[in-house]
Amino acid sequence: MQNTIMRHDWTKEEILEIYNRPIMNLLYDAASIHREHHNPNQVQVSTLLSIKTGGCPEDCGYCPQAARYHTDIEGNDLMSVQQVKAQALRAKAGGSSRVCMGAAWRNVKDGPEFDQVLEMVRTINKLDMEVCCTLGMITENQAHRLAEAGLYAYNHNLDSSEEYYKEVISTRGYQDRLDTIDNVRKTNVTVCSGGIIGMGEKLEDRAGMLVALASLNPQPESTPINALVAVDGTPLEEQEPVSIWEMIRMVATTRIVMPQTQVRLSAGRTSMSREGQAMCFFAGANSIFAGDKLLTTPNPDVNEDMKMFELLGLEPMRPFVKKAQPESVEAQYSAYKDQGEKPKWSRPEHKIERNEQAKQAAKALKTS
Ligand code: SF4
């Protein structure tokens, strides 16, 4: 039987042993732990909304929104509060309990755009939906401002192991990710942090990422597991898709080392069959992203998901089941003000050959 005590000292070797178990044992072990901590027939449904798309200064090798690569992404300035409200209402009607707003920023800067995001948070929280943001690195004061506005969760993915992270991103360091998560932890906002498989990493890197996530104390309240969607023009465009078995193993292993976390099936669901997704739910996934787009990459349509739920006897989870709804403090009463912060987050700027090549190819296309 599994050790279901909450542990923060998992080793890579222990996690690899779990990941590589015979699949029947792995599924049984993960499903048993899942049932101890969660209702196995409830799945949380989140809608991911890109509130500011493209033009990002970072060089994440998997991302079509990085300005330096040539992709088909159409950039958009920050959406208005009214546009976001309309999308949130649509998401709620489609069964989503959470709206996750993503902006293609390196980090948050105090100023009118951040004030607008805070207003979006207040507006969605008042619709009685959980609000999540993914805005890049944030300071402690910015985390408090988001918390006061009524933010429920902040997403900041570790992406991979610390070692492999350096092979994918050169414009910021792993420690900045951990520091941002730490800043979020100084508030009541819950932490959402996970990663991507299929970027060319070794199994040791997948285990290394889970060591880093499981070591956080408390562990993240939610962990997205993404399968890379290789987009033309990005440095990772030629990566082979991960198999469903790798996804199932990753989900099951995440469930075992982080028993209370909501494990989210994220990018890459379009290439998974219903049977494959059902196996992932059995293995402990209990959250999905809904909507036909995941920021910029395709995702199953809401109706398709609801049909799958009906077929599997699953029901969408109500909002605020795991934690009470935060109150939104209006801007004028906020205890945390705009401090005009211009934090200096690190820029390792080491050379990643494939990132350089993708950047040069984009430059060549622009000048041709
Ligand atoms: S993943 Fe985020 S930070 Fe990285 S390039 Fe894309 S939008 Fe920018």
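Filtered by the rule that a residue be surrounded by 16 or more Cβ atoms within 10 Å (Cβ to Cβ) and either within 18 Å of Arg90 (Cα to Cα) or basic (Lys, Arg) (or both), region 303-319 gives Asp305, Met306, Pro316, Met317, Pro319.
Cβ separations smaller than 7 Å between residues 6+ apart or across chains give the following pairs from region 211-224 residues that are free of Cβ contacts under 8 Å to residues at least 60 places away in the same chain to residues that are surrounded by fewer than 21 Cβ atoms within 10 Å (Cβ to Cβ): Ala212/Glu162; Leu213/Gln219.
Return the only residue of Met137, Met101 being buried (at least 18 other Cβ atoms within 10 Å of the Cβ), in contact with a Leu (Cβ under 7 Å, 6 or more places away or on another chain) and closer than 18 Å to Val184 by Cα. Write out each step before concluding.
Details: Met137 fails: in contact with a Leu (Cβ under 7 Å, 6 or more places away or on another chain).
Met101 is the lone residue from the list that is buried (at least 18 other Cβ atoms within 10 Å of the Cβ), in contact with a Leu (Cβ under 7 Å, 6 or more places away or on another chain) and closer than 18 Å to Val184 by Cα.
The set of residues in region 38-60 that are surrounded by fewer than 17 Cβ atoms within 10 Å (Cβ to Cβ), farther than 30 Å from Val81 by Cβ and in contact with a Gly (Cβ under 9 Å, 6 or more places away or on another chain) comprises Pro40, Asn41. Listed by first and then second residue, the pairs linking a residue in region 231-253 that is of a type in the set (D, E, K, R) to a residue that is assigned to a loop (DSSP other than H, G, I, E, B), with Cβ atoms under 7 Å apart and 6 or more places separating them unless they lie on different chains, are Asp232/Thr71; Glu237/Ala230; Glu237/Val231; Glu238/Ala230. Of all the residues in region 349-363, those that are in contact (Cβ under 8 Å) with a residue 40 or more places away in the chain and either under 18 Å from Val117 (Cβ atoms) or surrounded by 14 or more Cβ atoms within 10 Å (Cβ to Cβ) (or both) number 7. Counting only residues that are modelled with pLDDT under 95, aliphatic (A, V, I, L, M) and over 20 Å from Glu315 (Cβ atoms), region 1-50 holds 5 of them.
Just to be sure before I move on: is Asp128 more than 10 Å from the ligand (Cβ to nearest atom), modelled with pLDDT of 95 or more and acidic (Asp, Glu) in the structure I sent? Break it down into steps so the answer makes sense when it comes.
Details: more than 10 Å from the ligand (Cβ to nearest atom): yes; modelled with pLDDT of 95 or more: yes; acidic (Asp, Glu): yes.
Yes; evaluated as a whole, the condition is true for this residue.
Collect the residues in region 178-190 that are under 27 Å from Leu203 (Cβ atoms) and either surrounded by fewer than 18 Cβ atoms within 10 Å (Cβ to Cβ) or modelled with pLDDT under 95 (or both), keeping them in residue-number order. Residue satisfying the conditions is Leu178 alone.
Set side by side, the residues Asp176, Asp72 differ, and just one is in a helix (DSSP H, G or I) and under 17 Å from Pro57 (Cα atoms), which is Asp176.
Restricting attention to region 147-169, does a residue exist that is within 20 Å of Val329 (Cα to Cα), among the aliphatic types (A, V, I, L, M) and in contact with a Leu (Cβ under 7 Å, 6 or more places away or on another chain)?
At the first step, the residues of region 147-169 found to be within 20 Å of Val329 (Cα to Cα) are 147-154.
Okay, now just the ones that are also among the aliphatic types (A, V, I, L, M), so 147, 149, 151, 153.
Then drop every residue that is not in contact with a Leu (Cβ under 7 Å, 6 or more places away or on another chain), which leaves 149.
Within region 147-169, one or more residues are within 20 Å of Val329 (Cα to Cα), among the aliphatic types (A, V, I, L, M) and in contact with a Leu (Cβ under 7 Å, 6 or more places away or on another chain).
Given Leu78, Leu16, Leu26, which one is out of contact with any Asp or Glu (no Cβ under 9 Å at 6 or more places or on another chain) and of a type outside the set (Gly, Ala, Ser)? Criteria check complete, one pass: Leu26.
Go through region 69-106 and report how many residues are modelled with pLDDT of 90 or more and farther than 25 Å from Leu151 by Cα. The qualifying residues number 1.
Listed conditions (1) assigned to a loop (DSSP other than H, G, I, E, B); (2) over 27 Å from Leu210 (Cα atoms); (3) modelled with pLDDT under 95; (4) among the aliphatic types (A, V, I, L, M) are all met by Val321, apart from (2). Ser80 falls short of the stated requirement of being surrounded by fewer than 16 Cβ atoms within 10 Å (Cβ to Cβ), within 30 Å of Ala252 (Cα to Cα) and away from the ligand (no atom under 16 Å from the Cβ). Counting only helices (runs of 4 or more DSSP H) that sit completely within region 75-171, those holding 2 or more residues that are out of contact with any strand residue (DSSP E or B) (no Cβ under 6 Å at 6 or more places or on another chain) and among the aliphatic types (A, V, I, L, M) correspond to 81-93, 112-125, 140-149.
Go through region 179-200 and count every residue that is within 16 Å of the ligand (Cβ to nearest atom) and without any contact (Cβ under 8 Å) to a residue 40 or more places away in the chain. Working first, answer last.
Let us first name the residues in region 179-200 that are within 16 Å of the ligand (Cβ to nearest atom), namely 179-181, 192-199.
Still in the list and also without any contact (Cβ under 8 Å) to a residue 40 or more places away in the chain: 181, 193, 195.
Residues in region 179-200 being within 16 Å of the ligand (Cβ to nearest atom) and without any contact (Cβ under 8 Å) to a residue 40 or more places away in the chain: 3 in total.
Say whether the condition of being under 29 Å from Tyr174 (Cβ atoms), away from the ligand (no atom under 16 Å from the Cβ), among the polar types (S, T, N, Q) and over 21 Å from the mean Cα position of the chain (by Cα) is met by at least one residue in region 31-53. No: region 31-53 contains no residue that is under 29 Å from Tyr174 (Cβ atoms), away from the ligand (no atom under 16 Å from the Cβ), among the polar types (S, T, N, Q) and over 21 Å from the mean Cα position of the chain (by Cα). One residue alone among Ser193, Ser215 is of a type in the set (Gly, Ala, Ser) and in contact with a strand residue (DSSP E or B) (Cβ under 8 Å, 6 or more places away or on another chain), and that residue is Ser193.
Only one entry of Leu216, Leu236 meets the criterion of being among the hydrophobic types (A, V, I, L, M, F, W, C) and within 30 Å of Ala143 (Cα to Cα), and that entry is Leu216.
The values are calculated or read from the model by the stated rules, or taken from the named source; none is laboratory data. Every value quoted in this text rests on a predicted model; they were computed, and no experiment measured them. No Cβ is skipped: glycine too gets one built from the backbone with ideal geometry, and neighbour counts run over all protein chains shown.
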